[in-house]
Amino acid sequence: MDSPQITHYLAFLAWCLNPTDDGHVDDIIDDMDWHELKLFAKKQRIVYVYWYAMQKHLKLKDNVVLDWMSSAVRIPRASKKVYQQCVELSEYFKKEGFRTCILKGQGNALHYPDPYTRNPGDIDIWVEGGRDKVVDFICRTSHPQEVVYHDIDFPYFDDINTEAHFIPAYLENPFLNKKLQRYISTHAEEQFSNEVQAPDGIGSFHAPTLEFNLIYQLLHLDKHLRTEGIGLRQLVDYYYLLRKYHESNPSDQQIQAIRHDIKEFRLGKFTGAVMYIMHNILRIDKECLLAEPNEKEGKFLLEEMMKSGDMGRYDTRLSKMHKAKGIKKFIELEKFKLRLLAHYPQNAVWMPFHDLYVHYFYIKKYQKKYNLSGKIKKQPPSNDG
């Protein structure tokens with residue numbers, strides 16, 4: 001990442017995450033192009049992360065305020081609605097006899113200094129019961145179009161994409177995946193029992209515990225790097241998760257248990273990359289880190305984030321894949337994934353075999369049984385931040 005402008009934006013983001021009065025920010029914002037910064041923030045879907053600190057700590061010109069407000073004002077309103085939808089969806093499954101856990105999204109938003117600061121996305125809900133039971137229930141009660149290895153689309157709301165997970169995470173390496181699924185099964189009860197309160201009396205839902213989330217979201221970040229691109233919004237999520245965990249005063253034994261799980265799933269190098277972003281870019285205290293920062297892999301991860309933007313929406317390398325069909329689409333996807341072979345070979349070498357099985361055997365089975373088209377119409381983001 002050689003752009004001085006991007007370096008400037010990232011330095012300001014680090015300050016926005018932990019505003020101080022040491023005068024350092026004056027050097028950062030000197031000659032700042034506020035509109036260009038907003039475009040960068042929109043690409044990464046972190047407009048309100050910037051705006052929350054800007055409006056509280058800086059004296060801004062009226063034209064800057066109006067420009068940013070045009071994008072920022074929608075985000076808290078959208079976030080509140082998604083909290084309400086998470087509560088409603090959780091209650092629906094409860095009445096149908098299923099325990100659930102909201103993954104990512106609004107569960108992450110609760111860790112932010114203002115629970116409405118995070119730009120909301122889709123709703124991902126982990127539904128207890130196993131693959132066949134969950135898929136059968138959703139196919140009987142709604143009209144899904146697509147089932148994949150770990151979830152099925154669940155068109156419950158008209159204005160937001162909802163995915164019901166029967167497993168929260170997976171690894172392409174079958175030996176590591178067996179360990180991971182055993183870990184998930186062991187800790188499932190804690191997740192389905194961890195009730196959290198949405199803000200302003202909206203209601204409650206279940207979300208992962210901090211310890212489980214530290215592992216789960218590393219796996220989620222790793223998956224996005226492999227399959228569809230990764231952006232700053234997801235790294236800001238992890239920043240606040242690390243801070244929240246540190247504030248809970250975990251014991252050395254608890255921290256060592258998390259580090260053991262990271263090693264068990266061969267996530268050490270990737271964790272080092274994430275810790276590089278956390279400490280060297282976002283300036284989190286070193287006491288919060290789960291591993292030593294890995295500069296080489298961290299810089300590679302940062303380059304990937306700048307290329308892809310949020311959810312890979314701006315990654316030109318993925319454009320061929322999105323336009324292709326059938327076997328050509330599969331080949332383009334595998335070419336994209338194999339860029340990771342030199343960095344994370346423990347999963348990369350298994351990716352083509354896993355994807356062949358999933359796309360041409362596993363998914364076909366469910367498409368045939370439930371007459372699924374495999375073509376899901378995704379809702380656009382609910383706001384432009």
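Pick out the one residue from Glu264, Glu295, Glu247 that is among the acidic types (Asp, Glu), under 28 Å from Asp114 (Cβ atoms) and at pLDDT 95 or above.
Numbers: Glu264 fails: under 28 Å from Asp114 (Cβ atoms); Glu295 fails: under 28 Å from Asp114 (Cβ atoms).
Exactly one of Glu264, Glu295, Glu247 is among the acidic types (Asp, Glu), under 28 Å from Asp114 (Cβ atoms) and at pLDDT 95 or above, namely Glu247.
Can you find a residue in the range 125-142 that is polar (S, T, N, Q), in a helix (DSSP H, G or I) and under 20 Å from the mean Cα position of the chain (by Cα)? Explain how you work it out, then say what you get.
Step one: filter the range 125-142 for residues polar (S, T, N, Q), giving 141-142.
Filter once more, keeping what is in a helix (DSSP H, G or I): 141.
Filter once more, keeping what is under 20 Å from the mean Cα position of the chain (by Cα): none.
No; the residues of the range 125-142 include none that is polar (S, T, N, Q), in a helix (DSSP H, G or I) and under 20 Å from the mean Cα position of the chain (by Cα).
All but one of (1) open to solvent by 10 Å² or more (accessible area, probe 1.4 Å); (2) assigned to a loop (DSSP other than H, G, I, E, B); (3) not hydrophobic (A, V, I, L, M, F, W, C) hold for Asn119; state the number of the condition that does not hold.
(1)
Could you check how many residues of the range 172-197 are in contact with a Lys or Arg (Cβ under 9 Å, 6 or more places away or on another chain), assigned to a loop (DSSP other than H, G, I, E, B) and under 18 Å from Lys104 (Cα atoms)?
Counting residues in the range 172-197 that are in contact with a Lys or Arg (Cβ under 9 Å, 6 or more places away or on another chain), assigned to a loop (DSSP other than H, G, I, E, B) and under 18 Å from Lys104 (Cα atoms) gives 1.
Just one of the numbered conditions (1) of a type in the set (S, T, N, Q); (2) without any contact (Cβ under 8 Å) to a residue 24 or more places away in the chain; (3) open to solvent by less than 20 Å² (accessible area, probe 1.4 Å) is not true of Thr7; which one?
(3)
Name the single residue that is modelled with the highest pLDDT among those in the range 353-374 being within 18 Å of Thr227 (Cβ to Cβ) and open to solvent by 60 Å² or more (accessible area, probe 1.4 Å).
Looking at residues that are within 18 Å of Thr227 (Cβ to Cβ) and open to solvent by 60 Å² or more (accessible area, probe 1.4 Å), I get Phe353.
Gly129 fails exactly one of the following numbered conditions: (1) open to solvent by 10 Å² or more (accessible area, probe 1.4 Å); (2) among the small types (Gly, Ala, Ser); (3) over 28 Å from Gln367 (Cβ atoms). What is the number of that condition?
Looking at each condition in turn, Gly129 falls short on (3).
Please indicate, with yes or no, whether at least one residue in the range 29-47 is touching a Leu at 6+ places or on another chain (Cβ under 7 Å) and of a type in the set (S, T, N, Q).
Yes, some residue in the range 29-47 is touching a Leu at 6+ places or on another chain (Cβ under 7 Å) and of a type in the set (S, T, N, Q).
Do you know which residues across the range 265-289 are under 18 Å from the mean Cα position of the chain (by Cα) and aliphatic (A, V, I, L, M)?
Residues satisfying the conditions are Leu267, Ala273, Val274, Met275, Ile277, Met278, Leu282.
State the number of residues belonging to the range 51-97 that are buried (at least 19 other Cβ atoms within 10 Å of the Cβ) and farther than 23 Å from Asp159 by Cα.
Going through the range 51-97 one residue at a time, the tally reaches 5.
Pick out, from the range 23-104, the helices (runs of 4 or more DSSP H) lying fully within it that include 2 or more residues that are touching a Pro at 6+ places or on another chain (Cβ under 8 Å) and within 30 Å of Gly129 (Cα to Cα). Please lay out each step first, then the result.
Working: elements: 24-29, 34-44, 47-57, 62-72, 74-95.
Fully inside the range 23-104 and qualifying: 74-95.
What tally of residues in the range 145-167 results from selecting those that are outside any strand (DSSP E or B), open to solvent by 10 Å² or more (accessible area, probe 1.4 Å) and not polar (S, T, N, Q)?
12
Give me the pairs: first residue in the range 128-156 and at negative phi, second residue open to solvent by less than 60 Å² (accessible area, probe 1.4 Å) and aromatic (Phe, Trp, Tyr), beta-carbon distance under 6 Å, and six or more apart or on different chains, which are they?
From the range 128-156, the pairs are Glu128/Phe98; Glu128/Phe192; Arg131/Phe166; Val134/Phe166; Ile138/Phe154; Cys139/Tyr370; Val147/Tyr366; His150/Tyr170.
Collect the residues in the range 220-245 that are free of Cβ contacts under 8 Å to residues at least 60 places away in the same chain and surrounded by fewer than 21 Cβ atoms within 10 Å (Cβ to Cβ), keeping them in residue-number order.
Lys223
So which of Glu304, Glu297, Glu292 is over 18 Å from the mean Cα position of the chain (by Cα), of a type outside the set (Val, Ile, Thr) and within 21 Å of Phe336 (Cα to Cα)? Quick ask: steps written out before the conclusion?
Values: Glu304 fails: over 18 Å from the mean Cα position of the chain (by Cα); Glu292 fails: within 21 Å of Phe336 (Cα to Cα).
One residue alone meets the criteria, Glu297.
How many residues are more than 21 Å from the chain's Cα centre (by Cα) and assigned to a helix (DSSP H, G or I) when one looks only at the range 200-214?
Selection size over the range 200-214: 2.
The values are calculated or read from the model by the stated rules, or taken from the named source; none is laboratory data. Small disclaimer: the values here were computed from a predicted structure and weren't measured. Using ideal geometry, Cβ is built from the backbone for each residue, glycine included, and neighbour counts are taken over all protein chains shown. Note: accessible area is taken over every heavy atom of the protein model, side chains too, but ligands, DNA and RNA are not part of it. Shrake-Rupley method; radii C 1.70, N 1.55, O 1.52, S 1.80 Å.
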